[in-house]
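A.B. asks: Sending over a structure as C-alpha cells; questions will come in a sec.
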Amino acid sequence: MSSPAPPKDKRATSPWISIKNDLIAYAFMTPYLFLFIVFLLLPAAVGVYASFTKWGIIGQPKWIGLKNYDKLINSDLFIESLENTLYFVILAAIPLIVLGFLLALLVHQKLRGRNIARAIVFLPHVVSVAAVGIIFQWILERSSGLLNYYLGLLGVNPPINWLGEPDWAMPAIAITTIWWTVNGNMIIYLAGLQDIPEDLYEAAKIDGAGRWQELRYVTIPMLMPVNAFVIPLTVIACWRVFGQVFVMTRGGPQGATFTVAQFIYETAFVNFNMGLASAAGVILMLITLSFTVFQLRAMKVI
C-alpha cells in the first residue's frame, strides 16, 4: 500500500499570507516610491502640462495648445541643437559602450594589482563636471595644451584649436565625456562578467574553443541583459549632455556645440520662457524614449 499523502499546510496556501507578503514589499518600496513621485513623476507631469502653455515663471500659465511645438519645429536654433546633439551621440555613445566593455575585460583578468587598476580607472567618475571641464580646457588649449604638445611630438602641426574651431569643438567635448564617464559602463560590464558561470568557459575549453571563441560564443551572449541596460542608459545620457558643454564652450564656437539641453536651459532661465523650454524637454524625452523602445525591441527584450 502506498503511504498516505502528507497533510497540506493551510498557512502556506492562505491568501492572507500572500497579501501580507505584498504589504511588506510595498512598505519597503514606499520611501522610494514617494521620492520617485514627488521629485520625478510630478515634475514631469507639470512639465508636459507647461509645454502647452505660455508661462514666464512669474504669473499663471496661459493655455496656448500646440503653439510651442509649432514654434520649435520652425526654429532654426532648435533644429541646429538637435543636429549637434545627434552628432555628439554618434561621437560619444559608441566609444563609451565599446571602451567600457574592453576596459571591463581588461580589469577582469586575474592579474596582480587589478583592484588598484580598477580604482584608478574609476577615479575620474567621482570628479565633478566643473572640474572636468576646467581640466580639459587646459589640456585642449591650443598653444600650451598637453594634448597638442604630445601631438606635436608626433609631427602634428600646426596645433589644433580644439575648442575654437567648429569642426573640432564637438569631438573635443566627446573626448572629455569619454574620459570622464566610460568607467561607469566599465563597472556595469565588470559586474556582468563576474556573474558569468565559470562552468561555461570550462565547457568551451573542453570543446576546443580559444579566447576569441569564448568571447564570441560565451561572453558576449551572456552579457546581452547588461547591454540592454548599458546601451539605452548611455544614449540617453549623451542626448542630455549639458554640463561639460556649458563649462567648456557655452555652445560655441559659432553654435557648433549648442545642444538641446543648453537650448532648454537658456530658453527657461535666460529668456524665461518656461512653456517653450518644457516643449523642448518633452521632445527630448520622446526622442530618448523612442530610441530605448526601438533598441529593446531589436534586442528582443520587450
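The values are calculated or read from the model by the stated rules, or taken from the named source; none is laboratory data. Quick caveat: nothing in here was measured; it's all calculated off a predicted structure. All Cβ positions, glycine included, derive from the backbone under ideal geometry; neighbour counts span all protein chains shown. Please note that ligands, DNA and RNA were not included when accessible areas were found on the heavy atoms of the full protein model with its side chains. Shrake-Rupley method; radii C 1.70, N 1.55, O 1.52, S 1.80 Å.
Rundown of residues vs (1) in a helix (DSSP H, G or I); (2) more than 20 Å from ILE57 (Cβ to Cβ); (3) of a type in the set (Phe, Trp, Tyr); (4) touching a strand residue (DSSP E or B) at 6+ places or on another chain (Cβ under 7 Å), yes/no style:
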residue	(1), (2), (3), (4)
ALA256	no, yes, no, no
TYR265	yes, no, yes, no
PHE272	no, no, yes, yes
GLY281	yes, no, no, no
LEU286	yes, yes, no, no
ARG297	yes, yes, no, no
LYS300	no, yes, no, no
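A.B. asks: Name the pairs: first residue in segment 141-164 and in contact (Cβ under 8 Å) with a residue 40 or more places away in the chain, second residue of a type in the set (Ser, Thr, Tyr) and open to solvent by less than 100 Å² (accessible area, probe 1.4 Å), Cβ to Cβ under 8 Å, at least 6 apart or on different chains?
C.D. replies: Here the result reads LEU163/THR249, each pair linking segment 141-164 to a residue that is of a type in the set (Ser, Thr, Tyr) and open to solvent by less than 100 Å² (accessible area, probe 1.4 Å).
A.B. asks: Go through segment 237-250 residue by residue and tally those that are crowded, with 21+ Cβ neighbours inside 10 Å and part of a loop (DSSP other than H, G, I, E, B).
C.D. replies: Residues that pass the stated criteria total 2.
A.B. asks: All but one of (1) hydroxyl-bearing (Ser, Thr, Tyr); (2) part of a helix (DSSP H, G or I); (3) under 30 Å from TRP168 (Cβ atoms) hold for TYR217; state the number of the condition that does not hold.
C.D. replies: Of the numbered conditions (1) hydroxyl-bearing (Ser, Thr, Tyr); (2) part of a helix (DSSP H, G or I); (3) under 30 Å from TRP168 (Cβ atoms), the odd one out for TYR217 is (3).
A.B. asks: Taking the conditions exactly as written (of a type outside the set (S, T, N, Q), touching a Lys or Arg at 6+ places or on another chain (Cβ under 9 Å), crowded, with 16+ Cβ neighbours inside 10 Å and more than 17 Å from VAL247 (Cβ to Cβ)), does VAL182 satisfy them or not?
C.D. replies: So VAL182 fails the test.
A.B. asks: Is there any pair with a first residue in segment 264-275 that is touching a residue at least 12 places away in the same chain (Cβ under 8 Å) and a second that is among the β-branched types (Val, Ile, Thr) and buried (at least 22 other Cβ atoms within 10 Å of the Cβ) whose Cβ atoms are under 9 Å apart and which are 6 or more apart or on different chains, and what are they?
C.D. replies: Hits for this filter: ASN273/THR267; MET274/THR267.
A.B. asks: Restricting to segment 106-125, and then to whatever is over 20 Å from the mean Cα position of the chain (by Cα) and surrounded by 15 or more Cβ atoms within 10 Å (Cβ to Cβ), can you tell me which residue is farthest from THR177 (Cα to Cα)?
C.D. replies: Looking at residues that are over 20 Å from the mean Cα position of the chain (by Cα) and surrounded by 15 or more Cβ atoms within 10 Å (Cβ to Cβ), I get HIS108.
A.B. asks: Name every residue in segment 28-78 that is under 17 Å from GLY281 (Cα atoms), part of a strand (DSSP E or B) and among the hydrophobic types (A, V, I, L, M, F, W, C), in order of residue number.
C.D. replies: Listed by number, the list holds a single entry, TRP55.
A.B. asks: Give me the residue from segment 54-74 that is within 30 Å of the chain's Cα centre (by Cα), open to solvent by less than 80 Å² (accessible area, probe 1.4 Å) and modelled with pLDDT of 95 or more and, out of that set, nearest to PHE246 (Cα to Cα).
C.D. replies: LEU72
A.B. asks: So, one more: Tell me which of these GLU202 doesn't satisfy, since it passes every other one: (1) open to solvent by 60 Å² or more (accessible area, probe 1.4 Å); (2) under 20 Å from ALA131 (Cβ atoms); (3) part of a helix (DSSP H, G or I); (4) of a type outside the set (A, V, I, L, M).
C.D. replies: (2)
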